[in-house]
Amino acid sequence: MKSIELDAIDLQLLAQLQIDAAQSNQELADKVHTSPPTCLRRVKRLRDAGLIEKQVAILHPQRLADAIGHGLTALVEITLDQQHHDALVAFEAKVATEPAVQQCYRVSPGPDFVLVVHTKDMPGYQALTQRLFTQDANVRNVKTFFSVHRSKFGAELPLA
């Protein structure tokens with residue numbers, strides 16, 4: 001992808017879309033002080049350039065719990081036996097196919113990866129560990145922290 005030059009309006013658009021991507025083009029244009037056609041054209045340019053990866057709905061876990069249960073959120077540290085490039089890429093590819101793995105970070109120092117995992121319950125988590133970690137001969141250590149309360153959740157990147 002080619003590089004794109006961003007001006008103040010582009011940065012304002014990106015900031016506003018991170019706050020609420022569901023707002024109408026008119027609302028967005030009003031907030032960044034442009035005309036609706038200009039706003040639409042700029043947002044399309046930002047999407048085409050790959051700066052806007054995707055738009056998602058962030059669900060409220062406590063409110064959703066009444067309908068489907070609370071589930072289990074875990075932060076999982078993974079240390080591999082071998083850390084060469086191919087081993088790291090293979091592990092990333094493996095966890096990327098697992099819907100319960102919401103986020104995967106390659107980190108340093110310490111463990112090789114930190115995963116954010118969400119399963120229905122503890123048996124679901126145990127099944128996940130069998131699929132992803134126990135059966136993988138290159139996984140040396142797994143350390144799991146279970147979330148008891150989420151006090152903040154965000155995906156906004158700082159643009160200033």
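Footprinting exposure proxy ranking of Lys54, Lys120, fewest other C-beta atoms within 10 angstrom first, gives Lys54, Lys120. Rg/Rh, computed from the Cα trace of the stretch 8-48 with Rh as the Kirkwood radius, has the value 0.89. In plain terms, the bigger the Kirkwood radius, the slower the diffusion; for the stretch 61-146, with that radius from Cα pairs, at 20 °C and 1.002 mPa s, Stokes-Einstein puts D at 160 µm²/s.
Taking amide H as placed 1.01 Å from N in the peptide plane, the amide H of Ser147 sits under 5 Å from that of Thr73, Ala74, Leu75, each at least 5 places away or on another chain. Please give me the summed charge of the neighbours of Arg106: other residues whose Cβ is under 10 Å from its Cβ, Lys and Arg +1, Asp and Glu -1. Every neighbour counted, the sum reads -2.
The alpha-carbon positions of the chain define a convex hull whose volume is 161 Å³ per residue.
Compared with the dominant principal axis of the Cα atoms in the chain, helix 8-19 is inclined by about 50°. Listing Ile9, Ile19, Ile52 from fewest to most neighbouring C-beta atoms within 10 Å gives Ile19, Ile9, Ile52.
Net charge of the neighbourhood of Cys39, taken over other residues with C-beta under 12 Å away and scored Lys/Arg +1, Asp/Glu -1, is +2. With 31 Å as the limit on Cα-Cα distance, the pairs of Lys44/Lys120; Lys44/Lys94; Lys31/Lys94; Lys54/Lys94 that go past it are Lys44/Lys120; Lys44/Lys94; Lys31/Lys94.
Axis angle, to the nearest 10 degrees, between helix 36-48 and the longest C-alpha principal axis of the chain: 30 degrees. To the nearest 10 degrees, how steep is helix 85-96 against the longest Cα principal axis of the chain, on a 0 to 90 scale? In the chain, helix 85-96 runs at an angle near 80 degrees to the longest axis.
Partner aspartates and glutamates whose Cα lies under 19 Å from the Cα of Lys152, excluding those fewer than 8 positions away in the same chain, are identified as Asp20. Taking a straight Cα-Cα cut-off under 16 Å and skipping sequence neighbours fewer than 8 places away in the same chain, no lysines fall within cross-link reach of Lys143.
Since every read-out is calculated from the coordinates, none of them should be taken as a lab result. What you see is a predicted model; the values in this text were computed from it and never measured. Using ideal geometry, Cβ is built from the backbone for each residue, glycine included, and neighbour counts are taken over all protein chains shown.
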